[in-house]
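Everything on this sheet refers to the single structure shown next.
Every read-out reported here was derived from the displayed coordinates using simple, explicitly stated rules and does not represent laboratory data. Note that the structure is a prediction, hence the values are computed from the model and not measured. Backbone-built Cβ (ideal geometry, glycine too); neighbour counts: all protein chains shown.
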Amino acid sequence: MDATRKGDDLEEVEIDLGEPNDPGEFDIGDEAQRLWKAVPILEEEEDIHTSAMVEISDTKPLIDVRDPRGINDCLKVTFEDVIAEPVSVRSGDRVWIWSHALFEVSRVWIYRIITAVLAIPLSVASGILFAILSCFHIWMVGPCVQAIVISTSWLQRTWSVLLDLIVRPLFLSVSRCCRGFSIHLAEE
C-alpha cells in the first residue's frame, strides 16, 4: 500500500477489466479501453474528509476490538476455568504443561477452522435476515402502527375520559376508605 504512495505526487491506478481475446467487445485493431481509473487518496486527505460519525460507525470493522459491547463475555474461557486439579490429586508437571498447550492450541485452531468455513455464509445469511426484518418493520409494521394510532385517536380520548370520570374517582375513594385501617403485629 505504501509503495504506491511514495513521494508527494499522485499516481493513477488503472485497471483493465476487459479480456484481450474477446472479439465481441473491441475492434481488432483497437486497444482495450480503460474501464476504470482511480486516484489513490493520501492519508492526510482521508483524515480531513473523515467525520466523527464515520469513526464510531457500526459498519466500520473493528480489528482490535472485536467485542466492543461485551456481548460474549461468557465465552472468555481459559484452561484454568475448565480444568483444575485439587491439591490432593495432581498429575505430573509435564502432563499439565502439555495438556494446557494442547487445550489452547486446539481451542484456537478449531475455532479458526470453523469460522473460516462458517463465518462468511452465516454473515451473509444474518445480513439478509436483518435486512428483511428491517425492511418489513420500516415499510410494513411502522406504517400499520401509525395508521392504527391515527385512526383510533378518538378511542384513546374516550378511554382517557372514562378513566378520569369513573375509574380514578372510584380508586381514590377506596384508597381514602382504606387509609383509616392500620395493622399492628404483636408477639404473644
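Yes or no: the stretch 86-100 includes at least one residue that is of a type in the set (A, V, I, L, M, F, W, C) and in contact (Cβ under 8 Å) with a residue 24 or more places away in the chain. The answer is no, given that none of the residues of the stretch 86-100 is of a type in the set (A, V, I, L, M, F, W, C) and in contact (Cβ under 8 Å) with a residue 24 or more places away in the chain.
Among what's in the stretch 87-126 and is basic (K, R) and surrounded by 10 or more Cβ atoms within 10 Å (Cβ to Cβ), pick the residue that is farthest from the chain's Cα centre (by Cα). Lay out the reasoning, then the answer.
Of the residues in the stretch 87-126, the ones basic (K, R) are 90, 94, 107, 112.
This time we only want the ones that are surrounded by 10 or more Cβ atoms within 10 Å (Cβ to Cβ), so: 90, 107, 112.
On the way: R90: 44, R107: 24, R112: 20 Å.
Among those residues, the one meeting the criterion is R90.
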